[in-house]
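Structure first, commentary second.
The values are calculated or read from the model by the stated rules, or taken from the named source; none is laboratory data. Note that this is a predicted model, so its numbers are computed, not measured. Cβ placement follows ideal geometry from the backbone for every residue including glycine, while neighbour counts extend to all protein chains displayed. Heads up: the accessible areas ignore ligands, DNA and RNA and are worked out on the full protein's heavy atoms, side chains in. Shrake-Rupley method; radii C 1.70, N 1.55, O 1.52, S 1.80 Å.
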Amino acid sequence: MIQRRNSFPVGTTVITAIVILGLIPMIIRYINGLGAVSNLSDGRAWGFWISFDLYCGVALAAGGFTLAGVVYIFNRKKYYPIIRPAILTAFLGYLLVILALLVDLGQPWYIWHAFINWNIYSPLFEVAMCVITYTVVLALEFSPIIFERFNWHVPLRIIRAIQIPLVI
Amino acid sequence: MTNHWIDVRNSDCIMIIGSNAAENHPISFKWVTKAIESGAKFIHVDPRFTRTSSKAHVYAAIRSGTDIAFIGGMINYVLNDIEKNPQNYNIDYIKQYTNAAFIINSSFKFNDGIFGEIDNGKYTAAARNGWKYSDNATPATDTTLKNPNCVFQLLKKHYSRYTVDKVCNITGTPKDTFLEVCRTFSDTGQKGKAGTILYAMGTTQHTYGTQNVRSYAILQLLLGNMGVAGGGINALRGTSNVQGSTDMCLLSHILPGYLKVPQEGDTNLESYLNRVSPLPITPQNLAGDKSANWWGNYKKYIVSLLKAWYGAAANKDNDFYFDNLPKCDPNINYTHIGMFEAMGQGKIKGLWVWGQNPASGGPNSQGERKALENLDWLVVADIWMNETAEFWRRPGIDPANVKTEVFILPAACSYEKEGSVSNSSRWVQWRYKAVEPPGEAMPDLEIMHYVMEKLKELYQADITAPNRKAIVDLNWNYGTHITSDIVAKEINGYDLVTGKLVEGFPSLKDDGSTSSGNWLYCNMYTEKDGNKAKRRNSVDPHPQQIGLYSDWSWCWPLNRRIIYNRASVDLDGVPWDSEHPVIAYDSNHNKWLGDIPDGGWPPINRAAIQEKYLPFIMKSEGVACLWGYGLTDGPLPEAYEPWESPLDNNLMSGTRENPCAFVGKYMNDRGKADLYPYVGTTYRCTEHWQTGIMTRNLPWLVGLMPEMYVEIDEVLAAEKGIRSGDKVKVSSARGEITAAALVTKRFNPLIVDGKTIHHIGVLNHWGYSGMAKGDSGNILTPHVGDANTTIPEYKTFLCNIRRA
Amino acid sequence: MSKAVLYDATKCIGCRACQIACKQWNELRCESATNWGTYENPPKLNASTFTKIRFFEVENDGKFHFVFTKVQCMHCEHPACVAACPVGALQKTESGAVVYDDNKCFGCRYCMVACPFGIPNFEWDSPLPWIRKCTFCADRQGGGLEPACVTTCPTGALKYGNRDELIVEARKRIADHPHEYYDHIYGEKEAGGTSWLYLSPVPFKQLNFPNIGSEPVTVNVERAMGAVLPVLAGVAAAMSGIYWVVQRRQKLSQKVDAEKKEGAQTK
C-alpha cells in the first residue's frame, strides 16, 4: 500500500498561520508604537514576550554550541552527522533573537549603535556583544554549507582553518 | 488691604480666615513663608483643611457662616484679658486712637439679637439714632473706659455673651484649639508685636459679610494692630485687577474714588454734599483734638471728577453739570442680585456683560440664566465664549425659544494690551503689550472708545433722546487712537489753568480749576516723575527695610504703603515697634521719616492746640471705630445663622438670621434641613480661575484639574456609599449638579449643638462652555446677599448628596 | 561641583506651578485626565510629564498632615540608568544632571528596568519613541539659569545650589526647627546619593519614598561586568586546554594503534 504523505503536515500549517497572524501586530507596532500592540507601560517596560523570545532563541543556540564543542573539542565523532542541523538550528535561533529585538526595541533601525557606542558597565552591553559574537560565529560555522553548495573553495579553506577557534 | 503683600513677612502672627491663600493667592505665600522662617506663628481658620492649613501651626475647623461667633469669642477673650493683664496690650492705642472711650447715645437698644426696631428689613431712623454718639459733633469720652455707656463697656457687655462654650457650640471648633487661637493671636496685642488678618471671599460672601470684616476691625483695633508693620486687615482680592475696578468704582453705588452715587433726593450739588460729605466730629478729652475728616474734601473731588468728565461744559453756573448725572432711587437695589431680580421680572431690556460671566459666576445659576432670556439684547465682551454668551443654547434649552439678540465682542487679554493692574496692596503696576490680539479681538479701552464715539454721534443726531446732554457734552477728546497713557493722565488730573498734571489730591480744588478722573489716583502721573506706575526700582529706599519698596510702582493714596500709619507711633511720634517702624518723627528736622505719613502734621504731643490731628483721617471722628454706627445692620457685629442653616434656631439669640439681608424672590426657593441636611460651600482651587473660562480652555491646566468635583468627609461618604472618584449628584432647593466625589480626611464632621454637621465643598470653576465642561457649582447657591453690599451668600447654603 | 536641588515639603503649598513650568519649558503636551478622587494628576509620570506633585493625607504623632512631594528624576550620583544603558545614551554630567542623548538610544528600555525610582518613561504611542525624563534643565543650567521648576516656585520650597552646601543647609533647617522636620535628608545617601534632596515633616515611608539602601545600584553591576572578561578568558583557556589534551590523546592513541597495527603486521 502506498502511503500518501501530506506535503504540509497539520503542525506546519498551524504554525504558519500563527506566524502570518503575528505579522499584523508587528506592522501596527511600527505604525502606532509599542503601546498599541502590547500591555507594556512605564511600570512594566519589559514584557513576557522578549524574555520568551530570547530564551527560546538562545536555548536553541546553546544546543548547537554544545554539540559543536562535543564534536570538535571533545572529539566525540559519532555525533558528527547531526552537527550541521544543530548549527542550522542554532543560527536560526539567533536570527530569531535579532528579529525579536527588531520588534521590541523602540528604534530598531538604530540597532547598529551597539557597534559603535560601548558602555562597558552595562550588562546589556555584554548581552549585545554576546549576541553579535554568537551570531557571527554561527554564521561562520554555517558558512561551509553555503560554500560547499557554491563550490567556493577559498573561503572554505579559511573557515576550516579557523574552525577550532570558532568553536571555542 | 490696609497694609501690603510684602509687609506680611513683618508679622509676628498671621491669621488667615475666610481665605485659602496658599491655593488662591499662591504667590502671597512667599511672604507668609518668610514670616514663618522668621519665627511668626500662622493660624488658619477654615471649614476645610486645605493646602493653606498644611502650613499652619494652628488649624481651627469652623462651621461655614459662623465667623462672627468665632471672632466674637476672640474679642471676648481679649476684652477680659485686657482687664486682667493690661500690660500685655497697648492701652494708649485703644484709648487715644479708637472710639473706645466715646459715650454712646443713651437710647441705644440691643435686645435678643437686634439693635432696635426694624421695619420691613430696615432699622428705623429712631433705632439708628440710638447708635450714634451722645453728642454727634463733639462726643464726650471717658478715657478710664469705665462709663457703662462708653464704647468699651458696651463692647464688653455685647461680647460677654460670646463665651468659649457658646462659641464652640455654634462653630463646632474644638475648645482647646479655639483657646489656642485666642492665646496665640492675642499675643500680638503687645507693643512692638503685630498680627495680621488675611481674608477673602470666605469672609465676605455671607448675608453678614460686612459685619464679618467689622469683627476683624474690632479685634485688630483692640490689639493695636492697625497702621503698624506686619498688622492690618488685609483683603486678598478675588481677581488680579478687581482692586482697580473697585477703585474706578465699576459698582452701582459709587463713583470713581469711592464717591457716593447721586440719589433722587439730591436736587443739586449742595444737597448732595449735605447728604454725603460728613462734618468733622471732634472728640472731647482725648490727647488729639482735631479730626482731619478727610471726606470733608468731598466737594473738591466730585467737582474735579465732573470737570474730567465734562470739561468746559461743567462750570459754576450749571452746578458743574451735577443735574445731568443719573440719579439712583434709594429704594432700588442696583447690585448684581438686585439687577438679576429686576431682569427676572422683565424690567431690564438690555445688558452689557463685560469681562464677567454671571451665567456661571452669579448665584442661583438656573435663575440668572432664565432671567437673561427676558432681555431683548445682550452684549458680551470677553476673550472666550463663556456661559453667558451661550446662555441661549445651554443644555436643556431650545434656542428657538430664546428671543434675546446676542452680540459678541472679542476682547484682548491682559498680555495683548497696555495699561495698569492694581493689586490687593493698592499698588498700581503698569503692564505692557507683548503680542497682538488674535483675529478681531480688541482691548476694552478701544471697544469703549468706538462705542462711545458712535453713541455721541447718535445722541447728537437725535434731539429726542433721553438725558441727551449727558452723553453729547462728555469730554471725549482722545483722538483717533486712544491710549491708556492719555486716560492715565486724565485719571490723575490736570490743573486746568496751567494745563499741567496735578501733583496730588491735596491740590485739587472745588472751584472747577482742577480735573481728576479719580482723586485717589491723583499723584500717580506727575510732571516730574511721569507715570509712576511704571517704576521698577527693586531697592527698598528705607533704611528700616520693612519691605515698603516705595520706588516700585505707585500705590494710593499718595504712595502711602501702609495706611493709617500715624497709629504706628505714640503721641510723641515714636514708633511702637522700634524694629519695624513705619514712620518716625525726626524732631530735629520737623519731618517724618519712612513711609508717606497719613497726614504730614507733627505728632499729637508736639502739635499746637487744636492742631493735634488724630490718626484715622478718613473717619469723621479722627479715630478708628470699634463702634460703627454707619452700617445697615448694626453698630456691632452679631452672630446670625445663614439664610439656609442646618439649625432651626440661632444659638446666640432669638433672631435667626440677619434681618437686613437682601433676599431675592426670583426662582429662589429656600431649602430646609430635613430635605437638605448638609452645609454646602463653594470655593476655588489653584489650578482654575473664577468660572474657568480662561483655564478650562488651557490643556495644561485642564490636565491638572480635569473635572468638576466636590469634596466630602469620609464619614458622610461611608454613609452614602460613595468612594473617591465616584460620580455624585449634589442638590439644593434651586438645582442639581453632577460631579466627581473627592473623599478626604481634610473635611471632618463638626458637632454643633449636639448635631453632627457635614460640609460639602463645591468647586465653582465649571460650566457648559469651553473645552472642558462640567456643571456650575452656582446652580446650588441662593439669590440672597449681604445687608450692606448685597454680595451673594455663596459660602453657606443647604444641600444633599447621593451617588449618581 | 555637582549641583543639586533641596525640596522642603514644609514650604511646598502644592500649587503645581513647577509641574506646569516644566511642561512649558520642555514644550510637553498635556494628556487628557479624569478626576480619580484626588488633586493629583496625571496618576503617574510619563513621557510628557517629567515632574508632578503627589498629595498625601497622613497622621503622624497624633497630628494630621497634608503633605506634598515633588517627584522627578533624582539625578543620582551613581545612576543605575547610566550603568545600564548599553550604548551610553544616558550620562551623568559634571553639573549633576543625568542627561539623555537621543542620538545614541535605540529604545531597549533597560534604563527603565534599572532605575530604583522607576523614572525613565517611554513614548509608547509614538512610532519613533524616545526615553523621556527630567533633564534637570541642563540647557538652562548651561545658560546660567536655574531649572524651570525652581525658578517658578513661589515659596522657595525648591532651592538650587551646590550639593554639599544644600546638605549643610538641610541639616541646619532640621536643627533649627526639630519639631517641624523628620530627622532625615532623603537623597543624601540613598542609592549612593542623589542630586535631589528632600526634607519632610513626616517619615518618608509615609510619602511612598522607596526604601533604598545607601549602596549605589551600580556597585553590583560593576562587579558583574568586571568579571566578564576574566571568565571569558578562563573558559577559552579551559576549552583550548581540553582541545589540546583531546587532540594529543587522539594522536597518542592513533600512534599506539599504528604501532599495534605495525606490530600485528610484523608478527
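Only one entry in B:SER732, B:SER724 is within 14 Å of chain C (Cβ to nearest Cβ) and not aromatic (Phe, Trp, Tyr), namely B:SER724. Of the residues B:ILE348, B:ILE337, B:ILE302, the single one that is in a loop (DSSP other than H, G, I, E, B), among the hydrophobic types (A, V, I, L, M, F, W, C) and either touching a helix residue (DSSP H, G or I) at 6+ places or on another chain (Cβ under 9 Å) or under 19 Å from B:HIS253 (Cα atoms) (or both) is B:ILE348. Annotation: A:VAL103 fulfils all but one of (1) without any contact (Cβ under 8 Å) to a residue 60 or more places away in the chain; (2) closer than 22 Å to C:VAL113 by Cα; (3) β-branched (Val, Ile, Thr); the unmet one is (1). Considering the conditions (1) open to solvent by less than 70 Å² (accessible area, probe 1.4 Å); (2) within 14 Å of another protein chain (Cβ to nearest Cβ); (3) at pLDDT 95 or above, C:TYR198 is excluded by exactly one of them, (2).
Within region C:211-219, at least one residue is surrounded by 19 or more Cβ atoms within 10 Å (Cβ to Cβ) and touching a His at 6+ places or on another chain (Cβ under 6 Å). Cβ-Cβ distances below 7 Å connect the following pairs, each with a first residue in region B:716-744 that is closer than 20 Å to B:PHE49 by Cα and free of Cβ contacts under 8 Å to residues at least 24 places away in the same chain, a second residue that is among the hydroxyl-bearing types (Ser, Thr, Tyr) and open to solvent by 10 Å² or more (accessible area, probe 1.4 Å), and a separation of six or more residues or different chains: B:SER724/C:THR38. Of the helices (runs of 4 or more DSSP H) contained entirely in region C:101-163, those carrying at least 2 residues that are among the hydrophobic types (A, V, I, L, M, F, W, C) and surrounded by 21 or more Cβ atoms within 10 Å (Cβ to Cβ) fall at C:110-114, C:148-152.
Taking region B:695-717 as the range and being aliphatic (A, V, I, L, M) and within 14 Å of chain C (Cβ to nearest Cβ) as the test, the residues that pass are B:LEU698, B:LEU701, B:VAL702, B:LEU704, B:MET705, B:MET708, B:VAL710, B:ILE712, B:ALA717.
Restricting attention to region A:101-119, the residues that are facing another protein chain (nearest Cβ under 7 Å), open to solvent by 40 Å² or more (accessible area, probe 1.4 Å) and under 18 Å from the mean Cα position of the chain (by Cα) add up to 1. B:VAL8 meets each of the listed conditions (1) open to solvent by less than 10 Å² (accessible area, probe 1.4 Å); (2) among the β-branched types (Val, Ile, Thr); (3) in a helix (DSSP H, G or I); (4) within 10 Å of chain C (Cβ to nearest Cβ) apart from (4).
All of (1) among the β-branched types (Val, Ile, Thr); (2) open to solvent by 10 Å² or more (accessible area, probe 1.4 Å); (3) out of contact with any Phe, Trp or Tyr (no Cβ under 8 Å at 6 or more places or on another chain) hold for B:VAL164 with one exception: (3). The helices (runs of 4 or more DSSP H) found wholly in region A:105-168 and carrying at least 2 residues that are among the β-branched types (Val, Ile, Thr) occupy A:123-150, A:153-161, A:163-167.
Hey, among the residues in region A:66-91 that are open to solvent by 60 Å² or more (accessible area, probe 1.4 Å) and touching a residue at least 24 places away in the same chain (Cβ under 8 Å), which one's farthest from the other protein chains (Cβ to nearest Cβ)?
Step one: of region A:66-91, the residues open to solvent by 60 Å² or more (accessible area, probe 1.4 Å) are A:66, A:74, A:76-82, A:84-85, A:88.
Pick out the ones that are also touching a residue at least 24 places away in the same chain (Cβ under 8 Å) and you get A:84, A:88.
Details: A:ARG84: 20, A:LEU88: 22 Å.
Ranking the candidates gives A:LEU88 first.
Residues that are more than 7 Å from chain B (Cβ to nearest Cβ), surrounded by 21 or more Cβ atoms within 10 Å (Cβ to Cβ) and assigned to a strand (DSSP E or B) do not occur anywhere in region C:27-46.
Residues that are touching a residue at least 40 places away in the same chain (Cβ under 8 Å): which helices (runs of 4 or more DSSP H) entirely in region B:61-176 hold 2 or more of them?
Details: elements: B:67-84, B:91-97, B:125-129, B:151-159, B:164-171.
Per the criteria, B:67-84, B:91-97, B:151-159, B:164-171.
Looking at region B:577-609 only, could you name the residues that are open to solvent by less than 40 Å² (accessible area, probe 1.4 Å) and assigned to a loop (DSSP other than H, G, I, E, B)? Listed by number, the residues that qualify are B:ASP577, B:PRO581, B:VAL582, B:ASP595, B:PRO597, B:ASP598, B:GLY599, B:PRO603, B:ALA607.
Look through region B:610-630, keep the residues that are in contact with a helix residue (DSSP H, G or I) (Cβ under 8 Å, 6 or more places away or on another chain) and open to solvent by 40 Å² or more (accessible area, probe 1.4 Å), and return whichever of them is modelled with the highest pLDDT.
B:MET618
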